[in-house]
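S.K.: Before we start, here is the structure in question, set down as structure tokens.
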Amino acid sequence: MNKAICLDVKGMTKWFGGLAANQDIDFFIEEGEIVSIIGPNGAGKSTLFNCITGFYKPNSGKVSFFGRDIYRMRADKICKLGIARTFQVVQVISDMTVLENVVTGALLRFSRIGPATDKALEILAFTGLIDKKSFLGTELTIADKKRLEVSMALATQPRLLMLDESMAGLTPVELRQIIELIKKIRGQGMTLVIVEHVMEAVMEISDRVVVLNTGKKIMEGAPKEVCSSPDVIQAYLGDKYRAVC
């Protein structure tokens with residue numbers, strides 16, 4: 001049985017002056033999939049995230065979420081519909097506790113603090129931060145800040161979770177922990193789209209991979225197919241990934 005199309009992006013184009021950061025990009029994500037978006041720095045990955053989630057206004061294209069047109073919709077409205085995201089530069093509220101940060105996300109769905117707090121505690125137990133619920137954002141390691149940002153996104157109760165380099169800068173142990181968390185999130189039926197440079201993680205968790213370079217999609221396919229492509233190796237991966245594939 002065919003799965004529902006969660007996110008459908010067609011012809012996404014975003015210009016900054018005379019530079020096309022995204023140019024005529026097409027891809028879709030089926031419900032329950034993990035799709036990774038890879039490419040060199042400056043390829044347009046975060047711009048694509050920002051256009052989909054309403055932080056940038058694209059110049060042209062179409063975006064639909066479970067069949068509903070969200071093109072040029074405001075970011076808060078898109079989040080309310082069920083798309084949550086993290087950021088390339090981690091965004092947490094440093095002078096609030098871990099619990100308070102997650103409650104802010106939960107308040108999207110709850111009108112009272114009590115139920116929002118209950119949901120936040122449930123999420124912190126799920127993401128492994130419950131023992132640090134009273135820590136301030138400033139007291140967290142970068143790995144825990146990334147985990148907190150994921151927790152805040154989950155608190156909005158999304159149907160699609162978009163992670164922008166949530167594995168960058170982590171130790172091997174921390175990387176393994178975030179990979180296992182992503183698998184747990186997916187195990188609850190969540191659909192994910194991930195911008196990532198850590199190819200070992202991309203290979204392990206992705207159903208499909210979309211490759212961008214200079215603002216254009218140059219390939220899409222299964223992880224092994226993508227990382228063995230001569231075009232992708234030349235544009236981004238380098239020869240060391242021939243052995244991985």
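S.K.: Provide the percentage of antiparallel DSSP beta bridges, counting only those with both residues in the chain; round to the nearest 5.
M.R.: The antiparallel proportion sits near 55 percent.
S.K.: Would you work out the charge dipole size for segment 118-167 about its Cα centre, treating the Cβ of every Lys and Arg as +1 and the Cβ of every Asp and Glu as -1, and quote it to the nearest 20 debye?
M.R.: The dipole magnitude comes to about 80 debye.
S.K.: Which residue, F66, N22, G44, has the largest displacement toward the positive end of the dipole of the chain when charges sit on each Cβ (Lys, Arg +1; Asp, Glu -1)?
M.R.: Farthest along the dipole direction, towards plus: F66.
S.K.: Under 10 °C and 1.306 mPa s, how fast does segment 1-155 diffuse according to Stokes-Einstein, given a Kirkwood radius computed over C-alpha pairs? Answer in µm²/s, whole number.
M.R.: Using the Kirkwood radius from Cα pairs, D works out to 93 µm²/s.
S.K.: In whole Å and largest first, what semi-axes does the C-alpha gyration tensor of segment 137-245 yield when each eigenvalue is scaled by 5 and square-rooted?
M.R.: Output for segment 137-245: semi-axes of 26, 16, 13 Å.
S.K.: Mean residue ellipticity at 222 nm from the helices of the chain, using -39,500 (n - 2.57) per DSSP H segment of n ≥ 4 over the full residue count, to the nearest 500 deg cm²/dmol?
M.R.: Calculated from helices alone, the mean residue ellipticity at 222 nm is -10000 deg cm²/dmol.
S.K.: A further question follows. Work the Kirkwood hydrodynamic radius out for segment 47-126: mean of 1/r over every pair of different alpha-carbon atoms, inverted, in Å.
M.R.: With all distinct Cα pairs of segment 47-126 included, I get 14.2 Å.
S.K.: Beyond a 24 Å Cα-Cα separation, which of these cross-linked pairs lie in this structure: K145/K183; K146/K217; K3/K62?
M.R.: With Cα atoms farther than 24 Å apart: K146/K217.
S.K.: Under a Cβ-Cβ cut-off of 11 Å, what is the net charge of the residues other than L163 that fall near it, where Lys and Arg count +1 and Asp and Glu count -1?
M.R.: With Lys, Arg at +1 and Asp, Glu at -1, the neighbours total -2.
S.K.: What ranking, highest mean first, results for peptides 25-32, 134-141 when packing means the other Cβ atoms within 10 Å averaged over each residue?
M.R.: Ranking the peptides 25-32, 134-141 by packing returns 25-32, 134-141.
S.K.: Next question, about the same structure. With the Cα gyration tensor of segment 8-74 giving a ≥ b ≥ c as the square roots of its eigenvalues, does the rule (a/c under 1.5 for rounded; else a/b larger than b/c for prolate; else oblate) give rounded, prolate or oblate?
M.R.: Oblate shape, in that a/c is at least 1.5 and b/c is the bigger or equal ratio.
Read-outs: derived from the displayed coordinates by stated rules, not from any lab. As the structure is a computational prediction, the values presented were derived from the model and not from experiment. We place every Cβ from the backbone using ideal geometry, glycine too, and count neighbours over all the protein chains shown.
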